[in-house]
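Please read the structure below before turning to the comments.
The values are calculated or read from the model by the stated rules, or taken from the named source; none is laboratory data. As the structure is a computational prediction, the values presented were derived from the model and not from experiment. Here Cβ is always computed from backbone atoms with ideal geometry, including for glycine, and neighbour counts include all displayed protein chains. What goes into the accessible areas is simple: the full protein's heavy atoms, side chains included, and nothing from ligands, DNA or RNA. Shrake-Rupley method; radii C 1.70, N 1.55, O 1.52, S 1.80 Å.
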Amino acid sequence: MTYSKWINKNNILVSSILFIVSLIYYVAYEFRFPLVYGIDGPYYLIQIEHIEKTGIMYYGDPPLTFYVLYAIYVIVHNSTLAVKIGSIVFSALTIFPLYYLLNNLLRKTEACIAAVFFFMFSPHIIRLMGDFVKNTFGLFFLTSYLYFFNIWFNKKDRTYLLLSIVFLVLTGLTHILAFGILILYTFIYPVILYLNSRLKIEFIKALPLMIATITFSIISYTFFTFYFNDFGRIMMYIRSVTRPLLQQVHMESSQALAGIIRGPLLIYMIPSLMIIIPITLLIVYELFKRRLNCFLLTSYIVCLILFNPLSNVGIFFRFVLSSIIPLSILAGYIVGLYSDRIKTLMVVFLILIPILLLSLQIASTWGPSIPIEMYSELKDASKYIAEANAIVHPIGIPPYWPEYVIGPERVIRAPLHPEDKPIYLVISKKIPLPPLRPYETIVFDGKYIQVRKIIVKGIIGHE
């Protein structure tokens with residue numbers, strides 16, 4: 001029995017080993033610092049603890065991620081630990097549906113393993129875990145959907161249709177961007193299949209999934225707006241990228257194109273371009289030979305849509321990060337082109353070594369948006385904001401941290417001065433401190449932050 005045949009008969013073992021390796025890597029990354037990572041990290045803490053107090057979320061968002069994190073919190077009794085565990089586990093779990101999807105598509109173990117390594121060591125997933133936790137949940141449900149979605153188009157068993165719809169709903173309940181990618185696959189893949197085969201059966205099999213997608217979108221956005229207000233961003237995004245075609249390109253949109261060749265965005269574009277460029281050549285060759293792999297072409301089109309340089313720079317960045325699933329599928333196709341093991345290993349090393357180096361760079365440098373010492377001072381300073389109805393305005397501090405420590409309902413992001421409530425300024429000493437004004441008094445002065453109370457009556461005549 002050859003090594004390759006042994007592997008093919010033990011996919012559960014191989015995928016489990018990959019899962020364990022990813023867990024070790026992700027745990028080492030997430031537990032470098034005791035705080036949650038990124039600007040959005042404390043956002044999840046706010047949501048968990050608000051669910052604990054009231055039973056509902058404070059911010060409107062697709063709810064599944066936050067209630068899963070809350071369930072973990074109930075077990076571990078620590079919201080920070082719950083967020084870290086959730087991001088680690090769901091990022092690693094994505095390996096299973098991704099591996100089996102690739103196994104169905106490629107039928108080549110080396111290509112499946114290489115593509116999974118591309119995913120698990122990519123800087124994309126490391127950054128998502130460190131800031132955009134709900135995206136990591138969304139990618140797991142999206143990949144599970146694509147696995148059953150692909151099987152449904154190749155088998156008559158309606159069980160796979162039912163499972164596809166289940167994961168369609170779970171994706172929609174988790175994150176709008178993952179659901180947007182799901183929509184692209186759901187509507188583009190059947191069209192390509194039909195153009196390739198001219199068989200109406202492809203549209204017939206796609207119809208229930210298209211109807212389920214539209215129905216879920218309408219019901220959730222219409223009747224549960226608090227949770228699914230982000231669904232409206234789809235139309236806003238379409239308008240934002242089509243308007244420049246009729247008018248002058250907006251400055252904010254053009255920043256995305258500039259960001260591709262400079263700054264941190266380049267770290268995430270390098271792996272993307274490493275895959276997109278050779279895949280473009282492969283697709284041109286396949287079309288020339290009148291051969292067409294429909295799932296390959298669909299994944300390629302999805303990537304092109306996500307890499308639209310007319311997008312707002314912030315949206316473009318998130319699109320690039322979420323493109324890791326179609327990129328991993330395309331990476332598997334590239335490796336699967338080679339039948340010779342030596343050539344295969346050479347291609348794998350050419351792809352994975354830069355990916356691993358970029359991943360290690362992000363994993364060793366990305367962390368909390370504030371140091372633990374500032375967090376401790378913020379907790380101490382909150383004791384000096386004694387009034388229950390006091391309003392707090394953070395300056396130079398990522399606002400989710402003051403919201404988490406002091407309470408989201410008490411923190412404002414604009415310097416409003418209502419005369420009926422006490423007002424406090426929480427100022428980071430990482431920025432030059434503004435001069436003390438006559439109607440301000442310092443109530444806390446630490447190494448990292450300073451807290452000033454505004455004497456409201458004294459504002460009149462000074463503002």
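Things worth noting here:
- Note on region 346-386: semi-axes of the ellipsoid equivalent to its C-alpha gyration tensor, largest first and rounded to whole Å, are 43, 6, 4.
- Two-decimal ratio, region 276-432, of alpha-carbon radius of gyration to 2.2 N^0.38 Å: 1.67
- The Rg/Rh ratio of region 266-344, with both radii computed over alpha carbons and Rh defined as the Kirkwood radius, is 1.01.
- Relative contact order (percent, whole number), the chain, Cα cutoff 8 Å, 6+ residue spacing: 17
- For F444, residues with placed amide H under 5 Å, excluding near neighbours: V451
- Signed unit charges on C-beta, dipole axis of the chain, positive-most listed residue V14, I125, I455: V14
- Rounded to the nearest whole angstrom, the semi-axes of the ellipsoid equivalent to the chain, taken from the Cα gyration tensor as √(5λ), stand at 44, 24, 22, largest first.
- Solvent-accessible surface (1.4 angstrom probe) belonging to K379, in square angstrom, nearest 10: 100
- Mean Cα-pair separation over length for region 303-459, i.e. relative contact order, pairs under 8 Å, 6 or more apart, %: 16
- Along principal axes, Cα extents of region 140-201, largest first, whole Å: 35, 23, 13
- Converting phi to 3J(HN,Hα) with the Karplus coefficients 6.51, -1.76 and 1.60 and the offset θ = phi - 60°, region 214-219 yields 5, 4, 4, 4, 5, 5 Hz in sequence order, with x at every glycine or proline.
- In a DSSP loop and with at most 14 other Cβ atoms within 10 Å, the GluC sites (Glu not before Pro) in region 340-439 are E387, E419.
- Legend: P(r) of region 348-446 from all alpha carbon pair distances, 5 Å bins from 0, whole percents, reading 2, 10, 20, 20, 14, 8, 6, 5, 5, 4, 3, 2, 1, 0.
- Phi angles of region 437-450 translate, via the Karplus equation with coefficients 6.51, -1.76, 1.60 and θ = phi - 60°, into HN-Hα couplings of 8, x, 9, 10, 9, 7, 10, 8, 9, x, 6, 10, 9, 10 Hz per residue; Gly and Pro are given as x.
- Cubic angstrom per residue, convex hull over Cα atoms of region 42-141: 93
- Here the average projected area of the convex hull drawn through the C-alpha atoms of region 103-219 stands at 7.9 nm².
- Taking N as its residue count, the alpha carbon Rg of region 96-142 over 2.2 N^0.38 Å: 1.23
- When the C-alpha to C-alpha distance is required to be over 23 Å, the pairs from K429/K453; K134/K205; K379/K447; K84/K108; K134/K429; K53/K429 that qualify are K134/K205; K84/K108; K134/K429; K53/K429.
- Its residues counted as N, region 111-166 yields a C-alpha radius of gyration over 2.2 N^0.38 Å of 1.38.
- In percent, rounded to a whole number, the relative contact order of region 48-125 is 19, using alpha-carbon pairs under 8 Å and six or more apart.
- Once backbone amide H atoms are built at 1.01 Å from N, V392 has V411, I412, Y424 as its partners under 5 Å, excluding neighbours fewer than 5 places away on the same chain.
- Peptides 138-150, 92-104 ordered by average Cβ neighbours within 10 Å, highest first: 138-150, 92-104
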